[in-house]
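Input: a single structure, listed below in structure tokens.
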Amino acid sequence: MKKTINKALLFCLTLAPFAAQSHEANSLPYGPFLSGITHPVLGFDHLLAMISVGMISAQIGGRAIWSVPTTFVVVMFIGGLIGINIEGLRGYEIGIAVSVLLLGSALAADKRISNNFAMIAVGVFAIFHGYAHGEEIPSVAEPIPYVSGFMMGTIMLHLTGLVLADISTHYKLGKTILRVAGLGIALSGLYFLTSVFI
């Protein structure tokens, strides 16, 4: 009887890695590229931050329309590589929450921000977002298409923010709506921040 139990236990332990792998494989039903795209889109904190970057870029205007989002994407790529290669760093959730809070606050305040300051700020924020994308990559995913996917998802969200902010400028209450949206984003960032510590 004891031998039978030991054999059954050994068999279950042998199958455990395969069960875990097949479960993880099911989390990528459309492949690594599309899974990478959906990671920033379906993560509400990422979504708000990246749309905000696009909105702030439009709010600043001029070359900020392309330089601020580009800075975010490039630095996020570096953060993603760090996340893939160095696991276990703590505190990136705080950085993501703070990024949502500050980006939303900047939109709500509607203050003129210099292009260089915005590039530095979003560069810092992008490290945390990139690290989260890289660190949370499923082990069954191929890194290159997955990273390409989350970069593409980020670019799409930046463009969405740019378009929304641009549309708002064509309406009388557009600027007010943009500021109210910024306030909502900032409050969401505050909620994310408090959730980290609860």
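Just so it is clear, none of the values below were taken in a lab; they were calculated from the coordinates. Just so we're clear, the structure is a prediction, and the values are computed from it rather than from any experiment. All Cβ positions, glycine included, derive from the backbone under ideal geometry; neighbour counts span all protein chains shown.
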For 120-130, 62-72, ranked highest to lowest by mean beta-carbon neighbours within 10 Å, the order is 120-130, 62-72
Taking every pair of alpha-carbon atoms in the chain, what share in percent sits in each 5 Å bin, from 0 to the bin with the longest distance? 1, 8, 15, 18, 17, 13, 9, 6, 4, 3, 2, 2, 1, 1, 1, 0, 0
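Pick out, in residue order, every one of the trypsin sites (Lys or Arg not before Pro) in the range 96-198 that is DSSP loop and has at most 12 other C-beta atoms within 10 Å; say none if there are none. Don't skip to the end; give the middle numbers.
Details: sites: Lys111, Arg112, Lys172, Lys175, Arg179; in loops: Lys111, Arg112, Lys172.
Here the trypsin sites (Lys or Arg not before Pro) that fit, given the DSSP loop and packing criteria, are Lys111, Arg112, Lys172.
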Which of Ser35, Ser57, Ser105 has the fewest other C-beta atoms within 10 Å, and how do the rest follow up to the most? Ser105, Ser35, Ser57
Do the sum for the chain: with -39,500 (n - 2.57) for every DSSP H run of n ≥ 4, divided by all residues, what is the mean residue ellipticity at 222 nm, to the nearest 500 deg cm²/dmol? -29000 deg cm²/dmol
Using only Cα atoms, find the angle between the long axis of helix 115-135 and the longest principal axis of the chain, and express it within 0 to 90 degrees, rounded to the nearest 10. 10
Rounded to whole Hz, the Karplus (6.51, -1.76, 1.60) HN-Hα couplings of the range 48-53, x for glycine and proline: 5, 5, 6, 5, 4, 4
Using Cα centres only, tell me the gap between the range 57-74 and the range 128-169 in whole Å. 15
What's the ranking of 190-197, 36-43 by average number of surrounding C-beta atoms within 10 Å, highest first? 36-43, 190-197
